[in-house]
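Everything below concerns the one structure shown next.
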Amino acid sequence: MNKFLDSTMIALEAIWAAKLRSFMTVLGNIVAVTSIIAVVSLIQGLNASVKEAIVSQAGADSFNIQQYPVTRSDDEFEEVRSNPRISMQDARAIRRYNSPLIDAVMADANGQGRVTYRDRSIANVQVLGVTSEYTSFSGFDAERGRLMTPTEVETARPVTVIGWQTADRLFGTEIDPLEKTIQIEGTHFRVVGVSPKKGSILGRSQDEFAHIPLGQHQMLFGSRRNLALTVKPRDLTRIPEAIDDATIALRSARGLKPRQRDNFGMFTSDTILDIYHAATNGIFAVLVGVVALSLVVGGIVIMNIMLMVVTERTREIGLRKALGARRADIMAQMLSESVVLSVFGGVIGTIFGAAIANVVARFTPIPADLEPWSIALGIGITALVGLFFGLYPAMQAAKLDPIEALRRE
């Protein structure tokens, strides 16, 4: 341990004696690690944001049934283009199946419309029509007021629960939105609740919406609009079995024969996440790999500089060997300089990379997430680069004959 500390101190003294050259030597490492830390932080932030968006939309405690399954090509989509729309008959079929694994089945329809209160108006607000089972799902909540009651939903009363941003833009802070009458696509609705603030994902607000009874939604947007079903299992550990029961119920209701494929799609949040990762993991790996190539360039620069250092300090090395330094001591000294130089570049690059990622996250919709493992990885890789590319110059220094070295000017 003492020898290692001595070698490190000698290396630091040598680096400090040539500060500008040392900085220029590790400039490649600084650029490489800056790029890696920034890219990895943005990728991690993007992955976390997409996961949050998918879970919030699909629901971690439920699964969805839609008209089309996952398709990865035009040919696959052509095969399912003729799938029948999801309807209330499908929802009733699953309920009638009476599976002990299924707790609730909600039908919903989505649309976009204009929401107005007096002289204030918001265009393209998400308008979601739901059935009375919606209160069983965790994605629906009211911070102020209350949710729509099952009776109000079943009888298609003109009531609504609006998002936090919808309330803020329509009413501001001076007006209480509860029990006020707003217009959605020209139809009057009474506000009974306001959902808590959820924030935005990738620059898209999650708080600009209005939830209304499905019956009212069909009157506004048409009864032939395609529905989606959301199914809540009783036991989250048995979601695959609940999916099987829902599949059997739908296949039976639609009269599908055993050899016929499903004419609907089943989705969980994990399914959608798997699709996202399959589409992006290769791209991210290539991106990080291309950026990491600059580390090799930085390592080559360090090796060249260390070879030059060996030439410049030939007499010093010869003197050390003449005073009793062994080959291992000389190698340790040169390797220490190489590793310390490289790690120094890694530390500076990590700081710059984190700063760049934070700036990008602050001024763009792309989020950043600086993980401790990415910092350790960045610095660890630079240490390995310094060790690998410093090995040859260290071996050359250790081979010097002390007598021949002392003769050189």
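The values are calculated or read from the model by the stated rules, or taken from the named source; none is laboratory data. This structure is a prediction, so every number in the text was calculated from the model and none was measured. Because the Cβ atoms are built from the backbone with ideal geometry, glycine has one as well, and the counts that use them run over all protein chains shown. Just so you know, the surface numbers come from the protein's heavy atoms only, side chains and all, with ligands and any DNA or RNA stripped out. Shrake-Rupley method; radii C 1.70, N 1.55, O 1.52, S 1.80 Å.
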_Rounded, prolate or oblate for the range 142-198? Axes are the square roots of the Cα gyration tensor eigenvalues, ordered a ≥ b ≥ c, and the cut-off for rounded is a/c under 1.5._
oblate
*Is the range 209-260 best put as rounded, prolate or oblate by its Cα gyration tensor, with a ≥ b ≥ c the root eigenvalues, rounded for a/c under 1.5, and otherwise prolate when a/b is larger than b/c, oblate when not?*
oblate
*asked:* With an 8 Å Cα cut-off and a minimum separation of 6 or more residues, compute the relative contact order for the range 46-169 in percent.
replied: 16
*Local electrostatic count, Met219, Cβ distance below 13 Å [Lys/Arg +1, Asp/Glu -1]*: +2
_How would the range 154-290 be classified by its alpha-carbon gyration tensor: rounded, prolate or oblate, with rounded meaning a/c under 1.5 and the a/b versus b/c comparison settling the rest?_
oblate
*asked:* Taking the solvent-accessible surface of protein heavy atoms with a 1.4 Å probe, what is the per residue accessible area of the range 179-224 in Å²?
replied: 47
*Roughly what would the spin-label model give for Arg238 and Arg146, points 7 Å off Cα along C-beta, in nm?*
3.4
